[in-house]
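Structure incoming, see below.
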Amino acid sequence: VFNFAEEHKAEFAGAVPGGEHSLRWTELHKGFQKQFEGQLESFLTSLGSDLPTLQAALQDDDDPSIQVMVDVMLAMMEYTKFVDAMLRILRQDAEDQIPAVEEVEVRS
């Protein structure tokens, strides 16, 4: 997610939360979905597994931490959650670029 945001942050520059969305963001979301699915499938293949096997295992698992991870992965596949994440990362990046203000002792 962070690499994708870094690569495409210029597309989201100047965006206002709650403001209008660019049609380009929809295209970027589709690209993100494909990239995410591809990376997940590659990871599963490296473990000798596949997506249907993962889905079956997750449905049978009652571990709350597993369900949280599934919820996070599914949320990123939703457009609005994707945009929110991109804007949050962009804001954090901007805040990280602001130099810290040093305290100065004032004498009178």
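The values are calculated or read from the model by the stated rules, or taken from the named source; none is laboratory data. Keep in mind that this is a model prediction, so the values were computed, not measured. Heads up, the Cβs are rebuilt from the backbone with ideal geometry, glycines too, and the neighbour counts pull from every protein chain shown. Heads up: the accessible areas ignore ligands, DNA and RNA and are worked out on the full protein's heavy atoms, side chains in. Shrake-Rupley method; radii C 1.70, N 1.55, O 1.52, S 1.80 Å.
How much accessible area does Glu7 have with a 1.4 Å probe, in Å² rounded to the nearest 10?
Estimated to the nearest 10 Å², Glu7 gives 140 Å².
Here's something else I'd like to know. Once you keep just the Cα pairs under 8 angstrom separated by 6 or more residues, what percentage relative contact order results for the chain? Could you put the intermediate results ahead of the total?
Details: 31 pairs, mean separation 43.5, N = 108.
Taking the mean separation of contacting Cα pairs over the length of the chain, I get 40 percent.
Give, in nm to one decimal, the length gained when the segment between Gln33 and Asp62 is fully stretched (0.36 nm per residue of separation minus the Cα-Cα distance).
Roughly 7.8 nm would be gained on extension.
For Asp63, Asp96, give the ranking by accessible area with the largest first, probe 1.4 Å.
Ranked list, largest accessible area first: Asp96, Asp63.
With only alpha-carbon atoms counted, please give the Rg and Dmax of the chain, in Å.
Cα-based Rg and Dmax for the chain come out at 19.3, 72 Å.
Using heavy-atom solvent-accessible surface (probe 1.4 Å) with all chains present, what is the largest-first order of Val70, Val16?
Details: Val70 25, Val16 95 Å².
Accessible-area ranking of Val70, Val16, largest first: Val16, Val70.
Taking K and R as +1 and D and E as -1, what net charge do the other residues with C-beta under 12 Å from the C-beta of Thr53 add up to?
Here the charged neighbours net out to -3.
Considering only Ala57, Ala85, Ala94, give the residue with the highest GNM mean-square fluctuation for the chain, with springs between Cα atoms whenever their separation is below 10 Å.
It is Ala57.
If I stretch the segment between Asn3 and Leu23 completely, what's the gain in nm (0.36 nm per residue apart, minus their alpha carbon distance), one decimal? Kindly include the intermediate steps, with their values, before the conclusion.
Working: separation 20, 0.36 × 20 = 7.20 nm, distance 2.11 nm.
Between Asn3 and Leu23, full extension yields 5.1 nm more.
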